[in-house]
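Notes follow the structure.
Taken together, the values in this text are just the output of simple stated rules run on the coordinates, not laboratory data. As the structure is a prediction and not an experimental result, all values here were calculated from the model. Reconstructed Cβ throughout: ideal geometry from the backbone, glycine too, with neighbour counts over all protein chains shown.
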Amino acid sequence: MTSRPSPDIPEPKEMVERPVYLTYRYRANPQSNRFLHAIKQGLILGVRSKGSGKVLVPPPGVCPETGTLTPGEMIELSNNGTVLSYTIVHLPIPNSKLKPPFVVANILLDGADQAFSHLIAECELKDVQIGTRVRAKWKPEEEWDYGLENIEYFVLSGEPAVDIESHREARLQEAAKHA
Amino acid sequence: MSAGQPPAPEALLEAEFELGFTYSRTLGPVIGTCFAVLANHRFLGIKRSDGSVLFPPLEYDPETAESLSEWVELGDTGTVEGYCWVKHPRDKHNELAPFAWALIKLDGADTPFLHKVRVPDESVICPGLRVKPLWVAEPQGDITDIAAFVPASEVNS
């Protein structure tokens, strides 16, 4: 133990706040710009990489797999998709209005080869499995802005579950035709 | 799957973002005590077995790793050992005018620590400059209880 000098000193301070904030200005690249303008109108756009033949969403400027520039032509994607993987969040997230437990899933939209994460709600937790079919539930149109938050969350579509491995195989064969 | 028409060319989108990591940090008994007494405008260093005094104090000797426990009351005047002049302060520096980040060795300590020095002009600061702390009005028991150091000749205590 450390000895206390005289005169008496206060108890040690236990904790200090040391937040780190990164403030930055985002400028959309051409592909993101079109994606964001489209989602403002309720459309989800992807782009097909000429290098890999895969449909990427949200559309990047460069295919991450082959490094080729993505074309300007966009592909409209379905509101339906498949759960690739998921997690159930039991701890509250600071500053979030989400009430645990809730489900965050990697969702592969029909027609896409790249998943993105989003929420799944209005269901029993046990009903979310790998391969479960889901459908985007959009917010009211007047609330649409430039972001994937326009989709409030995904709900179970009621379609039969998909075998992810065979789905993946089929998508890879499809991509190969376009590469 | 329908081949969607890309939307007509539209305005380039830009937006401000803020990414925050809201860390709290525990201080431990030694830095915790050092910070607590800053609220009373005091500096406490800690003595090593070779008799030298560390400020900021450490829980363990940086060379021998032995546990340190002997507090030493330090003076509140110090000497600038080195500095870096900041010509264009940023928001988080909380400075209205150019200032210096300086290594300051407090009287009675054998190690320097980093803090800000406010001088009217870069020509005023140099290694060897004697400085004193400018305390904030409402101390919290934190290193920021010192607003900055200023030349000792400017402070009438």
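Quick one: 3J(HN,Hα) in Hz for segment A:162-179, Karplus 6.51/-1.76/1.60 with θ = phi - 60°, rounded, Gly and Pro as x.
Listing the rounded values in order: 9, 7, 4, 5, 6, 4, 4, 4, 5, 5, 5, 5, 5, 4, 4, 5, 9, 6 Hz.
Treating each Cα of chain B as an identical point scatterer and ignoring solvent, apply the Debye formula and state log10 I(q)/I(0) at q = 0.15 Å⁻¹.
Per q value, in the given order, log10 I(q)/I(0) is -0.89.
How far, in nm, would the chain grow between A:R18 and A:E124 when pulled straight, counting 0.36 nm per residue and subtracting the alpha carbon separation?
Gain on extension, A:R18 to A:E124, equals 34.3 nm.
Which cross-chain or sequence-distant (5 or more) residues have an amide H under 5 Å from the amide H of B:L129, H modelled 1.01 Å from N in plane?
Under 5 Å from the amide H of B:L129 lie the amide H atoms of B:V80, each far enough along the sequence or on another chain.
Spin-label point model (7 Å from Cα, Cβ direction): what's the A:S96 to B:E70 distance in nm?
5.2 nm
With charges set only on the Cβ (+1 for Lys and Arg, -1 for Asp and Glu), what does the dipole of the protein assembly as shown come to about its Cα centre, in debye to the nearest 20?
640 debye
Can you figure out the FRET efficiency of A:V155 with B:E10, using R₀ = 30 Å and their beta-carbon distance, to the nearest 0.05?
Working from the Cβ atoms, E equals 0.50.
Please give the Cα centre distance for segment A:128-179 versus segment B:20-65, rounded to the nearest Å.
About 54 Å separates the Cα centre of segment A:128-179 from the one of segment B:20-65.
Taking the Cα centre of chain A as origin and charging only Cβ (+1 Lys, Arg; -1 Asp, Glu), how large is the dipole, in debye to the nearest 20?
Working: 20 positive and 23 negative charges, 102 e Å.
Dipole magnitude for chain A comes out near 500 debye.
I'd like to know which of A:L36, A:T68, A:V47 lies farthest towards the positive end of the charge dipole of segment A:27-77, counting +1 on Cβ of Lys and Arg and -1 on Cβ of Asp and Glu.
A:L36
Going by amide H atoms built from the backbone, whose H comes under 5 Å of the H on B:V86, apart from near neighbours?
Those qualifying (amide H under 5 Å, at least 5 residues apart or on another chain) are B:F99, B:A100, B:W101.
Considering the convex hull of the alpha carbon atoms of segment A:78-164, report its projected area averaged over all viewing directions, in nm², one decimal.
That works out to 6.2 nm², a quarter of the Cα hull's surface.
Could you give the length gained on full extension between B:T22 and B:I143, defined as 0.36 nm per residue of separation minus the Cα-Cα distance, in nm?
So the extension gain works out to 41.7 nm.
Could you rank the peptides A:11-21, A:39-49, A:25-35 by their average count of other C-beta atoms within 10 Å per residue, with the highest value first?
Going by the mean number of other Cβ atoms within 10 Å, highest first, we get A:39-49, A:25-35, A:11-21.
At 4 °C and 1.567 mPa s, what whole-number value in µm²/s does Stokes-Einstein give for the translational diffusion of chain A, with Rh from the Kirkwood sum over Cα pairs? Could you put the intermediate results ahead of the total?
On the way: Rh = 19.1 Å.
Using the Kirkwood radius from Cα pairs, D works out to 68 µm²/s.
Quick one: what are the phi-derived ³J(HN,Hα) couplings along segment B:74-81, Karplus 6.51/-1.76/1.60 with θ = phi - 60°, whole Hz, x for glycine and proline?
Taking θ as phi minus 60°, the curve returns 9, x, 9, 9, x, 10, 6, 9 Hz for segment B:74-81.
For each pair in A:K13/B:K47; A:K13/B:K105; A:K40/A:K99; A:K13/B:K116; B:K47/B:K87; A:K54/A:K137, compute the distance between the two Cα atoms and list the pairs where it is over 30 Å. Show your work: numbers first, answer last.
Working: A:K13/B:K47 20 Å; A:K13/B:K105 23 Å; A:K40/A:K99 26 Å; A:K13/B:K116 23 Å; B:K47/B:K87 37 Å; A:K54/A:K137 25 Å.
Correct reply: B:K47/B:K87.
For the pair A:T68 and A:K50, how long in nm is the line joining their label points, each one 7 Å along Cα→Cβ?
My value for the distance between the label points is 0.7 nm.
Can you give the angle from 0 to 90° between the axis of helix A:30-40 and the longest principal axis of chain A, with both taken from C-alpha atoms, to the nearest 10?
Between helix and principal axis, roughly 90 degrees.
Check which residues have an amide H placed less than 5 Å from A:Y86's amide H, if you skip close sequence neighbours.
Amide H to amide H, under 5 Å and 5 or more residues apart or across chains, A:Y86 pairs with A:N106.
At q = 0.10, 0.16 Å⁻¹, work out log10 I(q)/I(0) for the protein assembly as shown with the Debye formula, treating every Cα as an identical point scatterer and leaving solvent out; two decimals please.
With one equal scatterer per Cα and no solvent, log10 I(q)/I(0) is -0.79, -1.29.
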